[in-house]
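Shown next, in structure tokens, is the structure this report addresses.
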Amino acid sequence: MGQGTWDKGQVNNVPYLPNTDEDRAEMLRFIGAQSIDELFADIPVELREKALLNLPPALSEPELMRHMRSLALRNIPLGELPDEPVLRPSSLVPFLGAGIYDHYIPPAVQQIISRNEFYTAYTPYQAEASQGTLQATFEYQSLICDLTGMEVSNASIYDGASALAEAVLMAHSINGRRKVILPKTLHPHWRQVVRTYASGMKLEFAEAPYLSDEGITDPEFVRAHCDDETCCVVVQHPNFFGCLEKVSELEAIAHRVGALFIVAFDPISLGVLKPPGEYNADIAVAEGQCLGLPPSFGGPLLGIFTCKREFIRKMPGRLVGETVDAKGQRGFVLTLQVREQHIRRERATSNICTNQALCAIAAAVYLALMGKQGIRQVAELCAQKAHYLAEQLEQVGIPRLFSAPFFKEFAVRLPTDPQTVNKALISKGFLGGLALKRYYPELPNGWLLAVTEKRTKDEMDAFVQAVKECMGASV
């Protein structure tokens with residue numbers, strides 16, 4: 001219905017709805033309904049809102065823009081230490097990770113993905129008409145395979161958690177078994193997502209505990225619970241505590257009974273750690289946010305999904321392939337689409353309906369810009385700086401919780417409540433670590449810290465001093 005049918009009173013009453021009272025009456029007559037309320041007759045009366053919503057008066061566009069700017073000013077962005085101390089920090093230096101990390105993003109990443117050719121988060125339904133998008137996705141898949149040492153990568157999934165959940169369902173589809181060994185060292189949110197995905201599949205979960213001194217999955221528990229009913233063994237490497245798991249030992253245990261071995265990895269860590277393809281992972285997944293995507297309040301994210309070639313027909317999502325057209329020219333197509341909306345229908349292995357196209361292209365641009373040496377250098381800086389901070393904290397009486405080797409993240413034991421320290425640190429310009437007791441009640445004073453290549457020695461030294469001061473104030 002056109003805007004020409006509005007009158008002044010109608011505009012004031014429903015400023016964002018183009019339909020007049022006459023328009024609505026005509027639509028009701030056409031569908032045979034007496035009133036709008038009749039359209040909601042199936043909703044029980046007790047569940048309906050009986051009064052108008054208590055909303056503030058409408059604002060004009062300039063007033064709304066002013067209001068939104070005032071809200072935005074309440075945010076404190078991530079950044080660097082200010083030159084001069086201020087009562088309210090203009091930015092926060094982050095030492096919080098737990099799945100989302102503050103890595104440096106070359107400006108070229110944003111510049112390239114902002115081009116009109118790429119600026120969409122969706123793959124067109126008639127994908128072959130969009131050769132540029134397909135080629136970019138093909139390059140992403142190729143780069144991910146190079147990074148991981150795996151044979152196949154799909155065009156991406158929503159995020160790392162859903163990628164892992166899809167991996168577990170894929171393992172069940174491959175071998176038909178129902179027992180899943182899920183470690184307690186896996187990201188707590190990822191564990192919840194896996195269980196939610198599997199709730200209708202009648203899968204059984206055995207939660208592998210961690211060794212309290214080392215902070216890694218107990219291999220003896222995995223060995224004792226692995227049998228011919230085990231569908232898969234899942235491991236996060238580095239794990240949620242930042243510790244390096246004994247992946248080769250766990251892989252051998254899983255494959256000894258015919259179970260699949262699923263690894264959740266940190267893409268940046270592969271600059272210095274052996275890739276999952278080299279220790280015989282069947283499926284390897286990751287959160288790709290660290291590859292050129294900002295923290296951005298926790299999203300959008302990028303689910304990386306790779307597997308062995310033999311399992312390609314069971315892989316969820318989409319796979320872009322390279323081919324030639326009738327004239328022999330290079331071209332790209334969606335080679336596999338195993339979701340339910342296509343020909344497989346109820347036999348589909350997944351209902352993943354799209355991929356994070358723009359985020360995947362950002363990751364591809366980041367990897368291409370950095371190259372092998374760049375990724376290695378970033379990984380080395382993360383590891384070196386994390387170990388420096390751990391040593392400095394140790395010197396002021398804040399020991400590590402676990403003895404296992406770690407990459408860029410590590411857990412420490414504070415002498416006081418971590419949440420109290422985190423609140424005090426904000427006024428000093430720092431975003432502190434994660435209080436582990438929320439997810440691990442047995443670690444009431446556990447504090448998970450992350451260090452990326454962006455953190456400087458001055459920032460880390462100042463952070464240690466700030467922590468000392470905050471602890472003194474809270475004891």
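Quick note: the coordinates plus some simple rules give every number you see, no bench work behind them. Note that this is a predicted model, so its numbers are computed, not measured. Don't worry about glycine lacking a Cβ; one is built from the backbone with ideal geometry, like all the others, and counts go over all protein chains shown.
Computed on segment 107-368, the Cα convex hull volume stands at 132 Å³ per residue.
Going by neighbour counts of Cβ atoms within 10 Å, the residues Arg256, Arg24 line up, fewest first, as Arg256, Arg24. Hull volume per residue, based on the alpha-carbon atoms of the chain and their convex hull, is 227 Å³.
Fewest neighbouring Cβ atoms within 10 Å first, the residues Arg115, Arg195 line up as Arg115, Arg195. Using a Cα-Cα cut-off of under 24 Å, which lysines could be cross-linked to Lys372, ignoring same-chain neighbours fewer than 8 residues away? By straight Cα distance, Lys372 reaches Lys274, Lys308, Lys385, Lys408, Lys454.
Beta-bridge orientation, segment 107-368: approximately 45 percent antiparallel, per DSSP, counting only bridges with both partners inside.
For Asn75 and Arg309, FRET efficiency with R0 = 30 Å and r from the beta-carbon atoms, rounded to 0.05? The formula returns an efficiency of 0.05 here. Model label sites at Met27 and Ser212, defined 7 Å from Cα along the beta-carbon direction, differ in position by 6.3 nm. Give the residues of segment 294-317 whose amide nitrogen is closer than 11 Å to a point set 7 Å from the Cα of Met201 in the direction of its Cβ. Correct set: 316. With contacts taken as Cα pairs under 8 Å at a separation of at least 6 residues, segment 107-368 carries a relative contact order of 28 percent. Once the chain from Gln110 to Leu47 is taken as fully extended at 0.36 nm per residue, the excess over their C-alpha distance is 18.1 nm. Put the Cα centre of segment 17-47 next to the Cα centre of segment 239-301 and the gap is 52 Å.
Once both labels are positioned 7 Å from their Cα atoms along Cα-to-Cβ, the gap between Phe40 and Glu391 label points is 6.5 nm.
Sorted ascending by nearby beta carbons within 10 Å, beginning with the fewest, Val320, Val396 become Val396, Val320. Extension gain for Tyr119-Glu278 works out to 53.7 nm (0.36 nm per residue, less the C-alpha to C-alpha distance). Using R0 = 30 Å, the C-beta based FRET efficiency linking Leu64 and Asn19 works out to 0.85.
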